[in-house]
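Right, one structure below, let's go through it.
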Amino acid sequence: MPLVERLKFRFTKNYDAVPDVIAAAPGRVEFIGNHTDYNNGPVIGAAIDRYVFVALRRIEESVFRFSSGDSSYVAVEDPTQKLKGKRSWINYPLGVYDSLIRRGLKPSGGFELVVDSDVPMGAGLSSSAALELAVCQALCTVYGLGLSREEMALASREAENEFVGMPCGILDQGVSAMGTSGSLVYIDCRDMRFSTIPLGKNYSIWIFNTHKKHSLVESMYSERHNECFQAVDGLNGVGLRIQYLADISPADFQSAKSRLLGTLSNRAEHIVSEIERVNRVKHLLEGGRVSEAGQLLFESHASSRDLFENSVEELDYLVEILKSLPNVIGARLTGGGFGGAVMALTEDAFSPDYAESVASAYRGRFGQPPEVIQCRLSDGVRVVERIESTDTIEPALG
C-alpha cells in the first residue's frame, strides 16, 4: 500500500475520523558544512526523496493525540510537558505547536496526528527536522497561519532548540523547508538567507548508512557545540572581538590559534576551514567544476575525523573505499557524526553494482552490511492533500 494511503487508513483506524490535511517534509543530506551552522557559518545541504508524512485533524476538545506508524495513540492533555522514553518523539510536534503559538497561532481545542516515514532512522538524514516541518505545515494549514517556508524553518528550529533541548543550527530545518528538485540548498546562517545551487542531471547522491550510533551522540554533539563557544571565549581572551567562529578569517585564526588549548584549537580550526570549504564548493559548483568540489568533500571528512573527532572507524572505512572507486566524485560523513552515514557524490555511471561492492567490503570488515540508498534531490515541505470532512476512506485499503 502506498505510504500516504496507509497513513490515511491508520488515521481512520485510530481516530474513527478523516484527517484534515496530509503534509510531508523530506529528510536531508548535509552536503558540506559539518557543524558550521550553529557557528554562524554557511552550509550546503540537499533535500532528498525520503519523507516524513503527517496526517492531522483539528478537534474541539483540549487534548492532543499522537500515533506513529501502526501504534495506538498517546493522549496528551498538557502540551507544555515534555515526554520521556519511547514517547519522547512526541516532543518534536509539541515543540512546534509551542513555537507556533509565539507566532500567532491561537490555541483552541486540540488535534489528532498520525506520522509515518520512509526516512531511515539513525542515518544522519534528520528525520526529526522532517517531522518538525511536516507538523508545522499541517498546523499552519488547519489553523490558517500563513507562514513562509523560511518562517516554518525558523519555528521548527526553535522547537528543537528550546523545547526538545537539542542545540542544532538551521541546517536540518532549512534544507527540509527550502529544498528544490535538482538543486542543493545553500544557507548563510549569519543572515538566515537561503538560495539554491543547481547540481545538474548527471550526478547522484548515495547514502551508506552504518546503523551505528554512539550511545552518547546527543551529549557529544552538545560537547562539540560547547567547545566551539569555548574557543570563541579563548580567542576573545587574546584580543579578538568575535561572537562566533565564523567571525574570524582563516589568516587571523592561524595567527591566534596557538593561544588556544590543543583540543579547542582543533575544534576551531575545523570550523574555520570548513566554512572556507563550503564557500569554495558553492563557487565551484556554480561554475560547473564539480570534480574540484568533490575533492573538498574528501577534505571535509578528513577534517571532521582528525580535528573535530566526530567520525568513527566505520565511516572512515567507507570513505576510503569510495575514494578508490571510479565515478565517485567525493565522499564524507553526513550529519552530526559519531556514527550514522556517509554521503557520496557520484556520476550516474556509479551503478548499484559498485554500491554493492562497497557494501560487501564493509560487511567483510564489520560483519553487517550498510544500508545503501540512492537519492534524488527533492522539493521541500509541502501540503500533499487537503481532505474535506465529507470524504471517506475505505476500510478495504487495509
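The values are calculated or read from the model by the stated rules, or taken from the named source; none is laboratory data. Please read all numbers here as calculations on a predicted model, not as lab measurements. Positions of Cβ are backbone-derived with ideal geometry, glycine not excepted, and every protein chain shown enters the neighbour counts.
A few remarks follow.
- Just one of the listed residues (Leu56, Leu94, Leu83) is outside any strand (DSSP E or B) and buried (at least 20 other Cβ atoms within 10 Å of the Cβ), and it is Leu94.
- Of the numbered criteria (1) surrounded by fewer than 21 Cβ atoms within 10 Å (Cβ to Cβ); (2) hydroxyl-bearing (Ser, Thr, Tyr); (3) at pLDDT below 95, the one Ser128 fails is (1).
- Checked against the criterion of being touching a residue at least 40 places away in the same chain (Cβ under 8 Å), in contact with a helix residue (DSSP H, G or I) (Cβ under 8 Å, 6 or more places away or on another chain) and not in a helix (DSSP H, G or I), the stretch 248-268 contains not a single residue that satisfies it.
- Test: Val328 is modelled with pLDDT of 95 or more, crowded, with 20+ Cβ neighbours inside 10 Å and within 21 Å of Asp49 (Cβ to Cβ): yes
- Residues of the stretch 184-237 that turn out to be more than 16 Å from the chain's Cα centre (by Cα), within 21 Å of Arg267 (Cβ to Cβ) and in contact (Cβ under 8 Å) with a residue 60 or more places away in the chain, as a count: 7
- Elements of type strands (runs of 3 or more DSSP E) in the stretch 130-241, at least 2 residues being under 22 Å from Ile275 (Cβ atoms): 183-188, 193-198
- For the stretch 110-121, the set of residues classified as within 17 Å of Val18 (Cα to Cα) and either out of contact with any Lys or Arg (no Cβ under 6 Å at 6 or more places or on another chain) or surrounded by fewer than 20 Cβ atoms within 10 Å (Cβ to Cβ) (or both) consists of Gly110, Leu113, Val115, Asp116, listed by residue number.
- Residue ID - farthest from Asp172 (Cα to Cα), chosen from residues in the stretch 331-356 that are hydroxyl-bearing (Ser, Thr, Tyr) and surrounded by 14 or more Cβ atoms within 10 Å (Cβ to Cβ): Tyr354
- Test: residue in the stretch 35-58 that is touching a residue at least 60 places away in the same chain (Cβ under 8 Å) and at positive phi: yes
- Single match in Gly69, Gly41, Gly45, Gly27 (criterion: at pLDDT below 95, in the same structural domain as Pro93 (by TED's automatic domain parsing) and buried (at least 24 other Cβ atoms within 10 Å of the Cβ)): Gly27
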